[in-house]
Amino acid sequence: MFITDGSYKEFMYLDNLQWSSQWDLYWNQALAFDSLKVHEIDCIITIPEKEGVLVFSEEDIYYSPNSAFTTLEHFSSAYSFADYTVMSTCLKSFGCFGQYKSPWICPFFALCPLEGGYHTIWINPLKIYKLQTIDGETYAFMDNGPVILLPLTRRSILARTEITCSALATLQRDCFQIVITGERPLDYLEVPNTPFSHSLSKRAALLQFSIPFGELVQQYQKAYSLHLYQTFEVDDLTLIS
């Protein structure tokens with residue numbers, strides 16, 4: 001679909017609720033999703049009028065017939081990353097990483113979920129080149145990918161991505177403090193030189209850590225152990241019955 005900004009520059013964008021010629025373009029380029037071939041995800045977008053999602057990475061575009069959540073589960077499992085449900089519960093328990101739609105984080109990058117229920121877009125904050133608001137709608141210009149119509153205002157997107165990057169930096173500090181030295185979340189993030197990252201880097205949650213070193217990983221390990229115990233307990237009861 002096309003939109004014209006205030007400078008009368010016309011550009012194509014993806015709307016995850018409506019098929020367009022831009023969808024045709026990316027659909028025809030998409031490869032079958034293989035978790036082990038993808039190193040970092042830029043964004044995951046539900047395909048309108050079709051089953052599944054497109055997964056954009058720096059190198060390629062992939063098609064997964066599954067939902068975004070199931071696709072992320074497969075990706076996490078392939079690399080032995082944290083279980084999303086357990087990590088989400090863990091992040092919420094601290095009270096400083098939001099209480100709604102927790103980010104997906106691994107030691108190397110993070111994805112921020114946006115509104116939309118089944119049609120939620122998952123976006124890598126550090127892969128956004130810029131946000132632009134036109135006629136009340138917000139568009140994300142990705143650094144190596146499409147322009148995406150987003151279901152939130154610029155203010156809400158900044159708030160959500162701030163939480164996502166704060167959680168990512170906290171996990172990276174717990175995992176990499178031996179090889180990375182720093183006192184602020186920004187010290188642990190590979191922040192690109194883009195208009196969006198300049199705005200993001202000024203956010204309060206990225207200037208000071210909210211929890212002590214090691215607390216996130218320790219809390220996750222406890223929560224995951226409990227999750228495994230409850231899973232085994234349910235399986236045992238099923239076998240008995």
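What residues of region 79-104 lie in the reach of a label at GLU215, counting those whose backbone N is under 19 Å from a point 7 Å from the Cα along Cα→Cβ?
Residues 87-100, 102-103 qualify, since their backbone N sits under 19 Å from the label point.
Hey, can you find the accessible area per residue of the chain for me, probe 1.4 Å, expressed in square angstrom?
Ligands and nucleic acids excluded, the result is 51 Å² per residue.
Quick check on region 72-150: take the gyration tensor over C-alpha atoms, sort the square-rooted eigenvalues as a ≥ b ≥ c, and tell me if it's rounded (a/c under 1.5), prolate or oblate.
prolate
Suppose every Lys and Arg Cβ carries +1 and every Asp and Glu Cβ carries -1, with no other charges. What dipole size does the chain come out with about its Cα centre, to the nearest 20 debye?
780 debye
Could you pull out the chymotrypsin sites (Phe, Trp or Tyr not before Pro) across region 44-142 that fall in loop regions by DSSP (anything but H, G, I, E, B) with no more than 13 other Cβ atoms inside 10 Å?
Taking region 44-142 and a limit of 13 other Cβ atoms within 10 Å, the loop chymotrypsin sites (Phe, Trp or Tyr not before Pro) found are TYR100.
Over the chain, what portion of Cα pair distances is larger than 34 Å, expressed as a whole percent?
So the pairs more than 34 Å apart make up 18 percent of the total in the chain.
Separation between the LYS92 and THR181 pseudo-spin-labels, each 7 Å from Cα along Cα→Cβ, expressed in nm?
4.0 nm
Return the carbon/sulfur percentage of the accessible area of the chain, one whole number, probe 1.4 Å, all protein chains in place.
It is 52 percent, rounded to a whole number.
Could you sort LYS37, LYS50, LYS101 by accessible area so the largest value comes first, with the probe set to 1.4 Å?
Correct descending sequence by accessible area is LYS37, LYS50, LYS101.
The values are calculated or read from the model by the stated rules, or taken from the named source; none is laboratory data. None of the values given here were measured: they were computed from a predicted structure. When we count neighbours, we look across all protein chains shown, and the Cβ atoms used for this are built from the backbone with ideal geometry, even at glycine. Heavy atoms of the whole protein, side chains included, go into the accessibility calculation; ligands, DNA and RNA do not. Shrake-Rupley method; radii C 1.70, N 1.55, O 1.52, S 1.80 Å.
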